[in-house]
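Engineer: Input: one structure, supplied below.
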Amino acid sequence: MFTNHMFGLIYNPHREWSEIRREGGRGTSITHAFLRYALLLALIPPFSLFVGTTQMGWSIAGSDIVKLSYDSAVPIAIAFYFALLLGLAFVSYCVFWMERTFGVTASFERCLMFTIYTSTPLFLSGIIGLVPVLWLDVVVVMGAAAYSVYLLYSGVPIFMDIPEERGFIFASSIVTVGLCALVGCMAITVIMWGMGLGPTFI
């Protein structure tokens, strides 16, 4: 069912969001959503980047190819994986909190599935990490991010069953939360690197 909805969100988002709302998250628990979807989707970017940085290597502007050592790549990939899961849970909770603020019938399970659906393009784009071409990776990830934002803005009014004007404010608030979470992760990364936990290049 998840795969069907994902393909539907690609070629007809409005109709698919309506179908997802009618289902109302039936048969979906927090454990089911994480085990069935989130744990697998969040595995794609760390695994792809791990293989790309340790096996293929990276070259910026035609310079020498640089690879990460296994000893540093493994903990970075694991930390990245759990950071994605925590970020997904955090944004889902913020959506749940804002849903109650907007006077909508609140359900954390529904908010979790909504967040998973809207972030799926970003998770899937992580497979480009296997290709050590920086400009291509940036283009693919930016395109996936743009489509996730489109799914967010088009889905909030339908999924939450609120007017488009309020839906725009709701979606903008979610984008702000996501950007804050991203900045927080970057800050934590800088702190960890400053403590000597950064990558080792070979």
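The values are calculated or read from the model by the stated rules, or taken from the named source; none is laboratory data. If you're wondering where the values come from, they're calculated on a predicted model, not measured in any experiment. Cβ placement follows ideal geometry from the backbone for every residue including glycine, while neighbour counts extend to all protein chains displayed. Accessible surface areas use protein heavy atoms only, side chains included; no ligands, DNA or RNA. Shrake-Rupley method; radii C 1.70, N 1.55, O 1.52, S 1.80 Å.
Engineer: For I78, what accessible surface area do you get with a 1.4 Å probe? Give it in Å², rounded to 10.
Structural biologist: 90 Å²
Engineer: I would also like to ask the following. In square angstrom, what is the accessible area per residue of the range 79-171 with a 1.4 angstrom probe?
Structural biologist: Heavy-atom SASA per residue in the range 79-171 reads 47 Å².
Engineer: Note down the Stokes-Einstein diffusion coefficient of the range 118-202 in µm²/s, whole number, using a Kirkwood radius over alpha carbon pairs, 10 °C, and 1.306 mPa s.
Structural biologist: Numbers: Rh = 15.1 Å.
It diffuses with D of about 105 µm²/s by this estimate.
Engineer: For the range 129-187, state which chymotrypsin sites (Phe, Trp or Tyr not before Pro) are in a DSSP loop and have at most 15 other beta carbons lying within 10 Å of their beta carbon.
Structural biologist: none
Engineer: Remind me, relative contact order of the chain in percent, using alpha carbon pairs under 8 angstrom and six or more residues apart?
Structural biologist: Computed value for the chain: 29 percent relative contact order.
Engineer: How long is the gain from I65 to R36 if the chain were fully straight, where each residue apart is worth 0.36 nm and the alpha carbon distance is subtracted?
Structural biologist: Contour length minus the Cα-Cα distance gives 6.7 nm.
Engineer: Using a ≥ b ≥ c from the Cα gyration tensor of the range 70-115 (square roots of the eigenvalues), is it rounded, prolate or oblate, where a/c under 1.5 gives rounded and otherwise the larger of a/b and b/c decides, a/b for prolate?
Structural biologist: Here the range 70-115 falls in the prolate category.
Engineer: Still on this model: Per-residue accessible area for M142 at 1.4 Å probe radius, Å² rounded to 10?
Structural biologist: 120 Å²
Engineer: Using only the alpha-carbon atoms of the chain, report the extent along each of the three principal axes, biggest first, to the nearest angstrom.
Structural biologist: Projected onto the principal axes, the Cα atoms of the chain cover 53, 35, 31 Å.
Engineer: Enumerate the helices in the chain for which the Kyte-Doolittle hydropathy averages -1.0 or more and the C-alpha atoms extend at least 18 Å along the helix's axis, using complete DSSP H runs.
Structural biologist: 70-101, 108-125, 134-159, 164-192
Engineer: Measuring from label point to label point, each 7 Å out along Cα→Cβ, what is the L124 to M142 span in nm?
Structural biologist: 2.1 nm
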